[in-house]
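The values are calculated or read from the model by the stated rules, or taken from the named source; none is laboratory data. The structure displayed is predicted, hence computed values, not measured ones. In this analysis, Cβ positions are derived from the backbone assuming ideal geometry, glycine residues included, and neighbour counts consider all displayed protein chains. Surface areas here come from the heavy atoms of the whole protein model, side chains and all, with no ligands, DNA or RNA. Shrake-Rupley method; radii C 1.70, N 1.55, O 1.52, S 1.80 Å.
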Amino acid sequence: MKVLLINDCDYYVYPENITTLEEFVTYANTHMGRLVPMRMLKEDNSVSPYYVKEDIKQYYINPSRIDTVTEEDVTILSKAEYEQALGKVVNGVCINCLYYDEDGICPCEDYKEKLSLDGKCWDFESDEDDEDEFDGFDLDDEE
């Protein structure tokens, strides 16, 4: 799904009836100095470029405060879909991490904020070479 990356830090769903970056720029320029409703993709329980639909929050932003805007591709999943996919990633990544408990427990309390569905983890540590680096999962796989 195409979304807006505003000021190189926050991702927003396009406003209703706006589908291109050019249309958004026109919209923003005609609403300077006014607060406009926007839906922000939150990373409280996910890692970019994957987001949880239920975590999208409504905010009001002032277009005159926008310095940069680009279009990015992200994947938005329901909470249940995200949790299912994350479980597969935990089983594929965490078991190879030095921090992983021998009882099968990942000690990273905030792994939802560190482990992406593509298999990248901010805290991953390995005592082996990265030859067998995890390549992520196909989200369309129905196993």
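General remarks:
- If you take all other residues with their beta carbon under 12 Å from the beta carbon of Val3, and give Lys and Arg +1 and Asp and Glu -1, the sum is -2.
- Placing a pseudo-label 7 Å from each Cα along the Cα-to-Cβ vector at His31 and Asn91 gives an inter-label distance of 4.3 nm.
- Formal net charge of residues neighbouring Val36 (Cβ-Cβ distance under 13 Å; K, R +1; D, E -1): +2
- The portion of the accessible surface of segment 1-103 made up by carbon and sulfur, rounded to a whole percent, is 47 (1.4 Å probe; DNA, RNA and ligands excluded).
- Cut-off 11 Å between beta-carbons: net charge of the residues surrounding Thr19, Lys and Arg +1, Asp and Glu -1: -3
- Accessible area per residue, Å², segment 1-102 with all protein chains present, probe 1.4 Å: 59
- Modelled spin-label separation between Asn7 and Glu43, with each label point placed 7 Å from Cα along the Cα-to-Cβ direction: 1.5 nm.
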